[in-house]
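I'd like to ask some things about the structure below.
The values are calculated or read from the model by the stated rules, or taken from the named source; none is laboratory data. Because the structure is a prediction, the values reported are computed rather than measured. Here Cβ is always computed from backbone atoms with ideal geometry, including for glycine, and neighbour counts include all displayed protein chains. Just the protein is used for accessible areas: all its heavy atoms, side chains included, with ligands, DNA and RNA removed. Shrake-Rupley method; radii C 1.70, N 1.55, O 1.52, S 1.80 Å.
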2 protein chains.
Amino acid sequence: MNRAAATIARRDASPASADWPGDVLARADKARVRTRSCAQCDLGSLAFCDGFAPRTVSSIRRVQCTVQHDAHDTLFREGDEGAAVYSVLSGAIKVYKLMPDGRRQITGFFFRGDMFGFCLDGSYAYTAEAITPIEVCRLPMQRLNDLSETAPEVQHRIMLRMTAKLAQFHNHVLLLGRKTARERVATFLLSLSDRARRRGDPPSPLALPMGRADIADYIGLTVETVSRTMTAFKRDGLIDLPTPNHIDICRAEALRAVSDGTARG
Amino acid sequence: MNRAAATIARRDASPASADWPGDVLARADKARVRTRSCAQCDLGSLAFCDGFAPRTVSSIRRVQCTVQHDAHDTLFREGDEGAAVYSVLSGAIKVYKLMPDGRRQITGFFFRGDMFGFCLDGSYAYTAEAITPIEVCRLPMQRLNDLSETAPEVQHRIMLRMTAKLAQFHNHVLLLGRKTARERVATFLLSLSDRARRRGDPPSPLALPMGRADIADYIGLTVETVSRTMTAFKRDGLIDLPTPNHIDICRAEALRAVSDGTARG
DNA sequence: CGTTGACTTGATAGCAGTCAAGTCAAGTGG
DNA sequence: CCACTTGACTTGACTGCTATCAAGTCAACG
């Protein structure tokens with residue numbers, strides 16, 4: 001189980017080096033930065049640099065570094081200087097915003113192959129936190145910009161990722177603004193399932209690495225309502241819950257109908 | 001008054017030409033496309049191409065066209081091929097998504113200097129509709145991509161706009177997921193006011209080109225709740241409503257406190 | 001075997017939605 | 001000029017969905 005990773009020694013006070021950029025260490029104090037680079041990257045077609053010209057790939061390799069974090073580590077905070085984008089190699093990450101009184105809104109979950117941290121200049125608009133032990137590929141934004149002089153395809157691909165994220169936000173805003181609790185939970189589960197399928201994960205049982213509180217803060221409900229709704233779906237035979245963190249979608253069409261509000265009743 | 005623009009003749013069945021791209025006419029059947037180009041553009045520092053090298057600007061001019069629409073015209077629909085991005089010269093535009101049963105979520109308002117329609121490939125994720133008579137600068141996305149070979153600053157600037165939009169979405173998701181009705185309305189009014197200031201519009205009275213129903217569908221409430229809340233703000237002296245479509249923000253700090261949930265009571 | 005934390009279930013309350021009617025300004029036509 | 005229409009906004013009464021508060025279940029762990 002991935003708890004084991006949490007036992008690896010931390011490099012809290014090690015000096016920065018060319019391979020381990022100082023700002024990574026300054027910001028993410030508990031990060032373990034590995035010298036070995038993209039060579040062992042197993043993202044395949046999910047990788048940001050998949051399909052780039054060899055020269056472009058090696059340019060990216062020179063500025064990239066791989067970082068490991070324990071569960072619950074904070075990668076960066078809202079207001080931090082937005083210095084890098086991240087590509088997820090393994091594990092799950094959540095990003096969120098807080099209100100002064102502690103209300104929290106999770107604005108995204110990120111899994112293997114996903115990228116987050118887009119921030120051209122200025123500071124991050126949100127905090128990023130590891131849900132499970134994670135491994136991410138860190139790409140300094142400034143270096144990627146420099147690359148664009150010789151390799152415009154790099155910028156183009158970042159834009160593709162950002163466009164996809166924008167489309168996702170449009171859907172999520174619809175969910176938060178206009179969907180009922182049942183519709184929100186159904187939409188959320190189908191979206192997780194769809195993303196698992198796209199990245200080639202076994203579709204069943206679907207892993208829910210985040211807790212009920214995270215789900216609630218993502219879809220704008222409370223823990224209790226999420227729990228009640230999932231229980232109701234189970235009672236109605238739409239899903240099964242072998243464990244609280246694994247679901248089987250039994251009747252995808254029916255769940256889809258709930259999700260877009262066309263379910264009868 | 002800008003109603004006058006609505007009387008200009010339409011060019012419904014005119015043949016396409018190099019200056020008036022065929023796809024503009026096919027999609028936006030009621031559009032009036034003007035041959036005169038960026039020469040008369042008065043966006044100044046708000047313009048997408050402001051500050052680009054003269055050669056880059058003239059490349060953009062060659063592929064750009066200016067389009068006029070009446071209020072309530074649809075520029076493109078959810079599912080249409082995403083062929084172009086738009087920069088607003090004048091007027092107000094809303095973009096929205098619909099659910100099968102008619103529920104609507106407005107995901108953005110766009111004013112002078114704003115850009116919308118980002119969609120690298122695939123189709124638009126939302127419908128765009130003119131609120132008032134509008135004039136927009138249409139930039140075919142494919143042509144902008146071609147330009148990036150010689151002028152990477154074009155892509156970079158698109159990325160800046162997209163990054164800003166992403167940050168905006170994070171805030172809007174927080175509003176929809178976790179804010180109360182009062183907080184939502186306060187946040188909305190302050191955001192409109194802030195955007196007016198940034199584009200150099202007179203800050204007071206603040207124009208509300210959209211109706212109550214549009215506001216409600218943007219911040220996830222009903223018309224009645226929006227109306228009641230604005231009335232309450234007026235009663236409490238936070239704002240004044242000289243007409244239903246113009247507001248004066250009387251106590252900005254107090255409204256700000258309501259907006260981020262720090263207001264007492 | 002007790003502790004802990006996450007999840008679930010139950011009872012009640014409240015905020016915003018729904019339904020309905022009223023106000024108001026701008027147009028329209030006699 | 002004035003009665004009538006229209007559409008947008010406002011106000012009021014009531015309902016209901018989801019939040020809140022509280023307690024119970026359960027598995028993991030030491």
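Between A:ILE158, A:ILE215, A:ILE131, which gets the highest mean-square fluctuation from a Gaussian network model of chain A, Cα cutoff 10 Å?
Per the Cα network of chain A with a 10 Å cutoff, A:ILE158 tops the list.
Please list, or write none, the aspartates and glutamates whose alpha carbon is within less than 17 Å of the alpha carbon of A:LYS97, excluding same-chain residues fewer than 8 places away.
Excluding near neighbours in sequence, the set is A:ASP73, A:GLU78, A:ASP80, A:GLU81, A:GLU129, A:ASP214, A:ASP217, B:GLU183, B:ASP260.
While we're here: Measure nothing fancy, just the Cα-based angle from helix B:181-198's long axis to the longest principal axis of chain B, in degrees from 0 to 90, nearest 10.
Around 50 degrees separate the two axes.
Using the Cα centre of the protein assembly as shown as origin and beta-carbon charges of +1 (Lys, Arg) and -1 (Asp, Glu), tell me which of A:SER193, A:GLY237, A:ALA71 is placed farthest towards the positive end of the dipole.
Of the options given, the answer is A:GLY237.
While we're on this one: Go ahead and set up a Gaussian network model of chain B, Cα springs under 10 Å, then flag whichever of B:VAL154, B:VAL173, B:VAL223 fluctuates most.
B:VAL173
Right, here's the next one. Pop out the Kirkwood hydrodynamic radius of the stretch A:169-265 from its pairwise C-alpha distances, inverse of mean 1/r, in Å to one decimal. Intermediate results must be reported in sequence, preceding the final value.
Details: mean 1/r = 0.0747 Å⁻¹.
Here the Kirkwood hydrodynamic radius works out to 13.4 Å.
Taking all pairs of different Cα atoms in the protein assembly as shown, averaging 1/r and flipping that mean, what Kirkwood radius in angstroms comes out?
On the way: mean 1/r = 0.0400 Å⁻¹.
Its Kirkwood hydrodynamic radius stands at 25.0 Å.
May I pose another question? Hey, rough spin-label estimate for A:ARG199 and B:ARG34, points 7 angstrom out along Cα→Cβ, what's it come to in nanometres?
4.9
Only residues of the stretch A:171-215 count here: report those whose backbone N is under 15 Å from the spot 7 Å along Cα→Cβ of A:ASP240, or say none.
Taking a point 7 Å out along Cα→Cβ of A:ASP240, the residues of the stretch A:171-215 whose backbone N falls under 15 Å are A:203-207.
Also, quick follow-up: For every helix of n ≥ 4 consecutive DSSP H residues, a contribution of -39,500 (n - 2.57) applies; sum these over chain B, divide by its total residues, and give [θ] at 222 nm rounded to the nearest 500 deg cm²/dmol.
That comes out to -11500 deg cm²/dmol.
Considering only C-alpha atoms, what is the centroid distance from the stretch A:34-71 to the stretch A:116-177, in Å?
Taking the Cα centre of the stretch A:116-177 as reference, the centre of the stretch A:34-71 is 16 Å away.
Still on this structure, I have one more. Quick check: the angle from helix B:223-235's long axis to the longest principal axis of chain B, C-alpha only, nearest 10 degrees?
60
At a 1.4 Å probe, which residues in the stretch B:65-103 are at least 40 Å² less accessible with all protein chains present than in their chain isolated?
When all protein chains are present, B:LYS97, B:MET99, B:PRO100, B:ARG103 each give up 40 Å² or more of accessible surface.
Interface B/A, total buried accessible area with a 1.4 Å probe, nearest 100 Å²?
4300
Please report the carbon-and-sulfur percent of the accessible area for the stretch A:179-259; probe 1.4 Å, protein heavy atoms only, DNA, RNA and ligands left out.
Answer for the stretch A:179-259: carbon and sulfur cover 54 percent of the accessible area.
Using the alpha-carbon atoms, what tilt in degrees (0 to 90, nearest 10) does helix A:54-63 show relative to the longest principal axis of chain A?
With rounding to tens, the tilt is 90 degrees.
Using a label point 7 Å beyond Cα on the Cα-Cβ vector, give me the inter-copy distances for B:ASP50 in nanometres, one decimal, shortest first.
Distances between equivalent label points, in nm: 4.0.
What pairs from A:LYS94/B:LYS234; A:LYS234/B:LYS94; A:LYS165/B:LYS234; A:LYS94/A:LYS234 go past 32 Å between their alpha carbons?
A:LYS94/B:LYS234; A:LYS234/B:LYS94; A:LYS165/B:LYS234
Write out the trypsin sites (Lys or Arg not before Pro) in the stretch B:211-265 meeting two conditions: DSSP loop, and at most 14 other Cβ atoms within 10 Å of their Cβ.
In loop regions of the stretch B:211-265 (DSSP not H, G, I, E or B), the sparsely surrounded trypsin sites (Lys or Arg not before Pro) are B:ARG251, B:ARG264.
What are the nm distances, shortest first, from B:ARG256 to its equivalents in the other copies, labels at 7 Å along Cα→Cβ?
4.9
How many Å² of accessible area per residue for chain B, probe 1.4 Å? List each step's numbers first, then the result.
Working: 11570 Å² over 265 residues.
Solvent-accessible surface per residue comes out at 44 Å².
Compute the Cα gyration tensor for the stretch A:83-125, then decide on rounded, prolate or oblate, letting a ≥ b ≥ c be the square roots of its eigenvalues: rounded whenever a/c is under 1.5, prolate when a/b is larger than b/c in the other cases, and oblate in all that remain.
The shape class here is oblate.
Another question, then. At A:SER227 and A:SER58, where each label point lies 7 Å from the Cα along Cα→Cβ, what is the point-to-point distance in nanometres?
Reported label-point gap for A:SER227 and A:SER58 is 5.7 nm.
Then there is this: What ranking of A:THR243, A:THR74 comes out by heavy-atom accessible area, probe 1.4 Å, highest first?
Numbers: A:THR243 55, A:THR74 35 Å².
Greatest to least solvent exposure: A:THR243, A:THR74.
I would also like to ask the following. In a Debye calculation with equal point scatterers on the alpha-carbon sites of chain B and no solvent, what is log10 I(q)/I(0) at q = 0.16 Å⁻¹?
With no solvent term, the Cα-only Debye profile gives -1.28.
So which GluC sites (Glu not before Pro) in the stretch A:58-165 end up in coil per DSSP with only 11 or fewer other C-beta atoms within 10 Å?
Of the GluC sites (Glu not before Pro), the ones in loops of the stretch A:58-165 whose Cβ has at most 11 other Cβ atoms within 10 Å are A:GLU149.
Could I ask something else about it? Where the label is 7 Å out from Cα toward Cβ, how close does A:PRO242 come to the same position in every other copy, in nm, shortest first?
Taking the point 7 Å beyond Cα along Cα→Cβ, the inter-copy spacings are 6.7 nm.
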